[in-house]
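The values are calculated or read from the model by the stated rules, or taken from the named source; none is laboratory data. Keep in mind that this is a model prediction, so the values were computed, not measured. A quick note on method: Cβ atoms are made from the backbone with ideal geometry, for glycine too, and the neighbour counts reach across all protein chains shown.
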Amino acid sequence: MENFNTELQASIEEQEMDNWSKLTVENSRSMRSAMEIIDKTGLQTALVTNSDGSFVGTLTDGDIRRAILSGASLTDRIDPYVNRQPVTIPSEDESSMAFEAMERLALRCVPVVKDGQIVGLITQNLTSPIRNFNNPVLIMAGGRGERLKPLTNSTPKPLIKVGGKTLLEILLDRLARCGFSNIWISVHYSSEQIEDIVGNGEPFGISIQ
């Protein structure tokens with residue numbers, strides 16, 4: 001655990017309300033509203049409350065992506081898609097538990113919840129140096145996306161956008177943040193579109209072949 005804390009230089013942010021409240025969204029709001037909040041923070045997570053401010057759960061960009069793929073629209077309420085059993089801790093004294101969960105589950109943040117209210121937030125320090133891995137990573141991006149038609153009639157599935165970014169760009173951003181820079185992409189359907197978007201990987205700070 002000490003090594004993990006050192007490598008990530010995770011930071012306990014005992015934030016005031018006007019800071020972590022930027023991540024909160026009421027459960028009556030729309031998918032679009034939640035996506036706007038998630039897009040601004042970089043933590044890939046929104047903290048969901050009800051109308052009286054009580055903590056309900058979390059909503060990640062992955063939760064939204066799965067909801068949309070299952071037929072939800074951007075105007076639907078987020079309430080049915082909220083994770084109501086997220087990882088939380090009762091106080092900053094339990095921060096080691098939060099760090100372990102962030103490593104094991106690839107979480108960006110863990111809310112501190114006391115008596116049903118959010119009182120703090122523990123996050124990774126996203127500006128900390130990360131380890132670099134030489135392992136080659138292969139992304140399979142050649143499918144036709146038959147189950148997503150008509151969205152994929154003229155656009156390959158990896159270039160479908162969620163929250164203003166293509167699925168492939170989201171994946172490449174995450175790989176780069178985790179220290180992987182040697183990326184290979186297997187393409188087939190509309191490969192030229194994918195190549196135009198990612199190029200040689202320079203915009204992502206990685207190498208793409």
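Return yes or no: is Pro111 out of contact with any His (no Cβ under 9 Å at 6 or more places or on another chain), closer than 26 Å to Arg29 by Cβ and touching a residue at least 24 places away in the same chain (Cβ under 8 Å)?
Against the criterion (out of contact with any His (no Cβ under 9 Å at 6 or more places or on another chain), closer than 26 Å to Arg29 by Cβ and touching a residue at least 24 places away in the same chain (Cβ under 8 Å)), Pro111 qualifies.
Conditions first: (1) under 28 Å from Gly57 (Cβ atoms); (2) in the same structural domain as Asp196 (by TED's automatic domain parsing). Gln85 passes all but one, so which condition is the exception?
Unmet condition: (2).
So which residues in region 48-84 are touching a residue at least 60 places away in the same chain (Cβ under 8 Å), polar (S, T, N, Q) and either in contact with a helix residue (DSSP H, G or I) (Cβ under 8 Å, 6 or more places away or on another chain) or part of a loop (DSSP other than H, G, I, E, B) (or both)?
Within region 48-84, just Ser54 meets the criteria.
Return the only residue of Ser73, Ser21, Ser33 being of a type in the set (Gly, Ala, Ser) and either farther than 30 Å from Leu151 by Cα or at pLDDT below 90 (or both).
Exactly one of Ser73, Ser21, Ser33 is of a type in the set (Gly, Ala, Ser) and either farther than 30 Å from Leu151 by Cα or at pLDDT below 90 (or both), namely Ser21.
Go through (1) over 30 Å from Ser28 (Cβ atoms); (2) of a type outside the set (A, V, I, L, M); (3) touching a strand residue (DSSP E or B) at 6+ places or on another chain (Cβ under 6 Å) for Ser154 and report which single condition fails.
(3)
Just one of (1) closer than 19 Å to Leu23 by Cβ; (2) not in a helix (DSSP H, G or I) trips up Met102, so point out which.
It fails just one condition, (2).
Go through region 159-175 and give me each residue that's among the β-branched types (Val, Ile, Thr) and either in the same structural domain as Leu74 (by TED's automatic domain parsing) or over 27 Å from Ser33 (Cβ atoms) (or both).
none
Only one of (1) under 14 Å from Ser33 (Cα atoms); (2) of a type in the set (Asp, Glu); (3) exposed (fewer than 13 other Cβ atoms within 10 Å of the Cβ) is not met by Asp79, so which one is it?
For Asp79, the failing item is (3).
Considering region 143-194 alone, what residues qualify as being in contact with a helix residue (DSSP H, G or I) (Cβ under 7 Å, 6 or more places away or on another chain), charged (D, E, K, R) and under 18 Å from Ser70 (Cα atoms)?
If the condition is that a residue be in contact with a helix residue (DSSP H, G or I) (Cβ under 7 Å, 6 or more places away or on another chain), charged (D, E, K, R) and under 18 Å from Ser70 (Cα atoms), then Lys157 is the only one that fits.
Take the residues of region 37-76 that are under 25 Å from Gly116 (Cα atoms) and of a type in the set (D, E, K, R): which is surrounded by the fewest Cβ atoms within 10 Å (Cβ to Cβ)?
Asp52
Listed residues Gly163, Gly179, Gly205; which is of a type outside the set (S, T, N, Q), in contact with a strand residue (DSSP E or B) (Cβ under 6 Å, 6 or more places away or on another chain) and at pLDDT below 85?
Gly179
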